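Asks: Here it is: the structure, laid out below.
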């Protein structure tokens with residue numbers, strides 16, 4: 001699962017965080033679209049997001065989709081009833097699951113989680129694990145330098161081609177944390 005907040009109108013052309021976010025979507029089995037309940041036109045906003053995916057990679061449209069309407073706590077009881085009716089119609093029209101929720105009030109969260117879970121369990125939404133052949137990694141034979149922030153002292157570390165065990169604690173704090 002990935003949170004992709006960078007899809008905005010124009011993302012396929014590089015607007016906002018654009019392509020960097022769109023690339024991550026290709027790895028996901030199910031796409032969850034979030035549109036706020038305060039939107040003037042929920043269907044239009046959903047279609048804008050869908051169009052960005054289509055422009056980037058039309059194959060993304062074959063993935064399972066869920067439309068979740070957030071921030072229902074900002075609506076009156078009457079407006080929430082109208083929204084529920086509108087969402088039932090929208091679900092039929094779009095042919096996808098549509099739900100609403102409020103993170104603040106905790107309403108609809110369990111239903112949203114159940115919908116996501118059920119979609120992820122469907123056979124057609126299973127991600128196929130790809131295994132790669134292991135690659136051989138050897139330590140560099142050239143000296144490697146790092147500078148500490150505390151004393152501005154430069155440290156040169158020589159790595160042998162075959163090193164029995166590298167004591168990482170010895171190099172903590174001088175840029176060797178990874």
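The values are calculated or read from the model by the stated rules, or taken from the named source; none is laboratory data. Remember, it's a predicted structure, so these values are computed and weren't measured experimentally. Neighbour counts are summed over all protein chains in view; Cβ atoms, including those assigned to glycine, are modelled from backbone coordinates with ideal geometry.
Asks: Sort out for me the helices (runs of 4 or more DSSP H) sitting completely within the range 64-178 that have 1 or more residues that are at pLDDT below 95 and under 24 Å from the mean Cα position of the chain (by Cα).
Replies: So the answer is 77-94, 109-121.
Asks: Taking the options 56, 46, name whichever one is farther than 19 Å from residue 113 by Cβ, in contact with a strand residue (DSSP E or B) (Cβ under 6 Å, 6 or more places away or on another chain) and surrounded by 14 or more Cβ atoms within 10 Å (Cβ to Cβ).
Replies: Criteria check complete, one pass: 46.
Asks: Counting only residues that are under 15 Å from residue 39 (Cβ atoms) and either in contact (Cβ under 8 Å) with a residue 40 or more places away in the chain or crowded, with 17+ Cβ neighbours inside 10 Å (or both), how many does the range 66-78 have?
Replies: Going through the range 66-78 one residue at a time, the tally reaches 7.
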